[in-house]
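A quick write-up on the structure given underneath.
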Amino acid sequence: MEIVTKIAPIILALIMLGLGLGLKIDDFTRILKNPKDFFVGFFSQLIILPLVAYLLIIILKVPPEIAIGVMIIAAAPGGVTSNILTKFANGDVALSISLTAVISLISIITVPLIIFTSADLFGITNISQNISMTGIALKMFLVVTVPVILGMIIRKFAENFVNSKIQIFEKLNIILFVIFFIAAFYEEKESFIDFLIQAGFITFILNITMMIVAYYLGKTFASGIKQQKCIALECGLQNGTLAIFVSTQIFGTDIVYITPTAAYALIMYITGFIFVFLLKNKI
């Protein structure tokens, strides 16, 4: 996994830079104007998603190595893809962008906390002694927070140019993730398929369950169908590149910990597009 461990920080930083280029201060201050919808999505993704993942792991008796990988993807924030699919689904794009932005920025705290707590619960002991929550948070700050802020600064001073190219940046983010995924597959192709089969069932159940749970939480507490669609997609489409980056930082080149992220990434695109197709005409 040498290639993956070397290119993960670069690709993640580029993806987060692309996210920052699509953000404005309004995407953060908007939360104050419509706090209810934001906090329904925030609570669903940050609290309910990891809890659902943990319960499914216990119920399905998933091996610890796969289990911690599932928790890594459950801890990851949403990505730019959730914003794009929310747009396709006629959902609340502004809410989607706000959720992605805020949860991505605070992920430098929440992701290490969820992962290290999960590792203790599952009895995972092969975490390097040189790795700590603070160390992972600092690395995430450098490849997540700094590029997002840099992207926002670039947009501030070149807004017309960025606005004219924003669709290109969105497509580039998806292309970067595909390149990253292909590199991971190519480097470990002998064992990759076997691990994908092992992790596929739990990640499929997690993805479907969480999108349904989030959709009905939105139906109960959010303001409308557009917000329901947004919250469901935000909870179903995670930042796989960030999850792989964190996994390689904590567990090195052991592919078993990365596989649930790869399996989830494959599944979430399929289920996400099916979800969009089913709900596109609901206004």
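Consider residue 214 carefully, then state whether it is part of a helix (DSSP H, G or I), at pLDDT 80 or above and in contact with an Asp or Glu (Cβ under 8 Å, 6 or more places away or on another chain). Break it down stepwise before answering.
Details: part of a helix (DSSP H, G or I): yes; at pLDDT 80 or above: yes; in contact with an Asp or Glu (Cβ under 8 Å, 6 or more places away or on another chain): yes.
Answer is yes for this residue.
Considering only residues that are assigned to a helix (DSSP H, G or I) and over 21 Å from residue 274 (Cα atoms), which ones fall in segment 34-43? Step through it out loud before you land on a result.
If we filter segment 34-43 for residues that are assigned to a helix (DSSP H, G or I), which is where we start, we get 35-43.
Passing the criteria: 35, 36, 37, 38, 39, 40, 42, 43.
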Tell me, which residue of segment 44-75 that is farther than 26 Å from residue 125 by Cβ and touching a residue at least 12 places away in the same chain (Cβ under 8 Å) is surrounded by the fewest Cβ atoms within 10 Å (Cβ to Cβ)? 48
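Is it fair to say residue 236 is modelled with pLDDT of 90 or more, in contact with a Cys (Cβ under 8 Å, 6 or more places away or on another chain) and either of a type outside the set (D, E, K, R) or on the phi < 0 side of the Ramachandran plot (or both)?
Values: modelled with pLDDT of 90 or more: yes; in contact with a Cys (Cβ under 8 Å, 6 or more places away or on another chain): no; either of a type outside the set (D, E, K, R) or on the phi < 0 side of the Ramachandran plot (or both): yes.
For residue 236, the condition - modelled with pLDDT of 90 or more, in contact with a Cys (Cβ under 8 Å, 6 or more places away or on another chain) and either of a type outside the set (D, E, K, R) or on the phi < 0 side of the Ramachandran plot (or both) - is not met.
Only one of 55, 49, 32, 60 is farther than 26 Å from residue 175 by Cβ, at pLDDT below 85 and of a type in the set (A, V, I, L, M); which?
Numbers: 55 fails: at pLDDT below 85; 49 fails: at pLDDT below 85; 60 fails: at pLDDT below 85.
On inspection, the qualifying residue turns out to be 32.
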Residue pairs within 9 Å by beta carbon, gap of at least six or interchain, first lying in segment 220-239 and within 21 Å of residue 12 (Cα to Cα), second of a type outside the set (Gly, Ala, Ser) and not in a helix (DSSP H, G or I), listed first then second, are 234/77; 238/77; 239/77
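The values are calculated or read from the model by the stated rules, or taken from the named source; none is laboratory data. Remember, predicted model here, so these are calculated numbers, not experimental data. FYI the Cβ positions are ideal-geometry reconstructions off the backbone, even for glycines, and counts take in every protein chain you see.
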